[in-house]
Amino acid sequence: MNADNIAQFAYLALMGAAITGWFIVQNRHQLGKTLQYGAIWGFIFIGVIAGIGLWSDIQSTIAPRQSYVDGKGIVEIPRAGDGHYYITLMIDTTPVKFVIDTGASDVVLTKADAARIGIDINSLFFNGIANTANGEVRTARITLHNVRLGDIYDKKIRASVNDGEMDGSLLGMTYLQRFSKIEIGGGKLILRR
């Protein structure tokens, strides 16, 4: 704390003491009730100040957002509360949310996400086999024709549709290798073209 901060704090403390003293003198006949109301308002004030001070942390925990730096080919993805990195890509004209998985060699869509982007699930041939942390699953090969992330466009990305149960689609190395650099640090993942 520098001298200006100490002076400001002393001024505010003196003003607070003067207002509190005036309030107590004015309400001396109902002092118990007055102190009770004062404590309630004090806790409300402290709660509001704490909420304002922590708002950016609360916001990034509850709803982390991906940010894209226009024209420079840099994508910054904040780490979500569960420790994963999520990103939304436009597949043709449909937004699809992915969890970034550098351990996955492929881009893997859930059946629901595949259907949302217009793939007829019933016509897929699930002849591939993938080994996952949950065991072996059957997969069907597809091609994502138009993939967009901000101003970054990619065409014809190889992908798979998983025949098993998945919590969400995975963005693996088939897509991530298109970036020249992947960095993880400071609570975010950075992709550079």
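The table below lists the values:
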| read-out | value |
| --- | --- |
| Subset of the range 71-88 [of a type outside the set (Gly, Ala, Ser) and out of contact with any helix residue (DSSP H, G or I) (no Cβ under 8 Å at 6 or more places or on another chain)] | 72, 74, 75, 76, 77, 79, 82, 84, 85, 86, 87, 88 |
| Pairs, first at negative phi in the range 145-157, second exposed (fewer than 14 other Cβ atoms within 10 Å of the Cβ) and of a type in the set (Gly, Ala, Ser), C-beta under 9 Å, six or more apart | 151/71 |
| Scope the range 84-119; condition surrounded by fewer than 21 Cβ atoms within 10 Å (Cβ to Cβ), touching a residue at least 60 places away in the same chain (Cβ under 8 Å), under 20 Å from residue 153 (Cβ atoms) and not aliphatic (A, V, I, L, M); matching residues | 97 |
| Residue count, the range 148-187 (criterion: crowded, with 17+ Cβ neighbours inside 10 Å and in contact with a Pro (Cβ under 9 Å, 6 or more places away or on another chain)) | 0 |
| Single unsatisfied condition, residue 155 versus (1) touching a His at 6+ places or on another chain (Cβ under 8 Å); (2) in a loop (DSSP other than H, G, I, E, B) | (2) |
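Quick note: the coordinates plus some simple rules give every number you see, no bench work behind them. Source: prediction; values computed, not measured. Note: ideal-geometry Cβ built from the backbone for every residue, glycine included; neighbour counts use all protein chains shown.
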